[in-house]
Amino acid sequence: MASHTITAAAAGTWRLGDLTVNRIGFGAMRLTGSAAFDLGVPSDRERVLGVLRQAVELGVDHIDTAAFYFSSLRSANELIGRALAPYPDDLVIATKVGPGRDPSGQWLPLARPDQLRGQVEENLRQLGRDHLDLVNLRVMPTTELAEHFGALSDLRTAGLIRHLGVSNVTSAQLADARAVAPVVCVQNLFGLDDRRSTDLLHECGDLGIAFVPFYSIAGKGREEGARGDSSEQLAAVARAHGVSTAQVRLAWTLGLGPHVLAIPGTGDPAHLAENVAAGALRLTDEEMALLNAA
């Protein structure tokens, strides 16, 4: 695959409410350091600013971020603003609220409903925007989310938020959220190595809601990144196409349905080009079945 000629448009598009995005997006979590929440080793600032600009040049129009993506010297939101403002008209920036971290990096309890406005405003300040295109409420599977989602719905009515989504949820929580306000996407852990959200992925397809998996490349490595523990089936499909196993993972993800989006993250220009190029990789039914059985 000649990755340098392939743009994010090759993956096709999906609508998040009234916003159309290419199905290959970009996750900002890894921009800030050697690991997602590492306070020790900051990223190379100029390199990651270049990666962000390169992503947009390659047609990426959907960036996923959060105010709690920061390391000792880097903030993902600040990097996005520095690299891309004034923002292209078609760029959709999605962020997450609910969790938080104190300045030392320690995780805070899930925000109360009355604290969510402060989190939304923090994202607005850091990104230099007057409204947020998409805000995902990230919760725990045991969270009663109706009151939290209601608070975000009020901010949507007030014009601070355009569209709402939910993250790390069960089917019942999605139903609870949809009873409060429209939901345009679900963001859950999902990939070849962890398919516990398969039923929810299909449910989202039936409802016309985007399903946006996270850690779809990293798998069990999660914040630390891919561990290289690929199955023989995965390696065989990669060899057959002359691509990396990471590209096959992305192609498999996108092959699960037209409503499935991908938000791979990287601070490496070569990996970015590879990830975008994976949007043009089409696996056969036999290859999909082989990977499904892995």
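The values are calculated or read from the model by the stated rules, or taken from the named source; none is laboratory data. Remember, it's a predicted structure, so these values are computed and weren't measured experimentally. Every residue, glycine as well, gets a Cβ built from its backbone with ideal geometry; the counts of neighbours run over all protein chains shown.
Structure values in brief
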read-out: Count of the range 201-218 residues which are more than 20 Å from P264 (Cα to Cα), free of Cβ contacts under 8 Å to residues at least 40 places away in the same chain and either in contact with a strand residue (DSSP E or B) (Cβ under 8 Å, 6 or more places away or on another chain) or among the acidic types (D, E) (or both); value: 2
read-out: Residue within the range 73-82 that is β-branched (V, I, T) and over 23 Å from S153 (Cα atoms) present; value: yes
read-out: Close pairs (7 angstrom Cβ cut-off, 6 or more residues apart or separate chains): charged (D, E, K, R) in the range 110-136, in a strand (DSSP E or B) anywhere; value: D133/L19; D133/V92; D133/I93; D133/A94; D133/R162; D133/H163
read-out: One residue from A240, A218, A236, A226 being aliphatic (A, V, I, L, M), at pLDDT below 90 and surrounded by fewer than 21 Cβ atoms within 10 Å (Cβ to Cβ); value: A226
read-out: Residue check, G159 on the phi > 0 side of the Ramachandran plot and either part of a strand (DSSP E or B) or surrounded by fewer than 17 Cβ atoms within 10 Å (Cβ to Cβ) (or both); value: yes
read-out: Subset of the range 4-43 (residues that are at pLDDT below 75 and under 29 Å from R74 (Cα atoms)); value: H4, S34, A35, A36, F37, D38, L39, G40, V41
read-out: Count of residues meeting criterion [surrounded by 15 or more Cβ atoms within 10 Å (Cβ to Cβ) and farther than 27 Å from T95 by Cβ] in the range 253-293; value: 8
read-out: Per-region count, the range 44-80, residues acidic (D, E), assigned to a loop (DSSP other than H, G, I, E, B) and either closer than 30 Å to V166 by Cβ or modelled with pLDDT under 90 (or both); value: 1
read-out: Residue match in the range 94-108 (condition: among the charged types (D, E, K, R) and surrounded by fewer than 15 Cβ atoms within 10 Å (Cβ to Cβ)); value: yes
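Here is a yes/no grid of residues against (1) surrounded by 17 or more Cβ atoms within 10 Å (Cβ to Cβ); (2) in contact with a helix residue (DSSP H, G or I) (Cβ under 7 Å, 6 or more places away or on another chain):
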site: A55; (1), (2): yes, yes
site: G59; (1), (2): yes, yes
site: Y69; (1), (2): yes, yes
site: L79; (1), (2): yes, yes
site: Y87; (1), (2): yes, no
site: E121; (1), (2): no, no
site: R125; (1), (2): no, no
site: L137; (1), (2): yes, yes
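To keep it simple, each residue is scored yes or no on (1) touching a residue at least 60 places away in the same chain (Cβ under 8 Å); (2) closer than 27 Å to I80 by Cβ.
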| site | (1), (2) |
| --- | --- |
| S231 | yes, no |
| A238 | no, no |
| V243 | yes, no |
| R249 | no, yes |
| T253 | yes, yes |
| P264 | yes, yes |
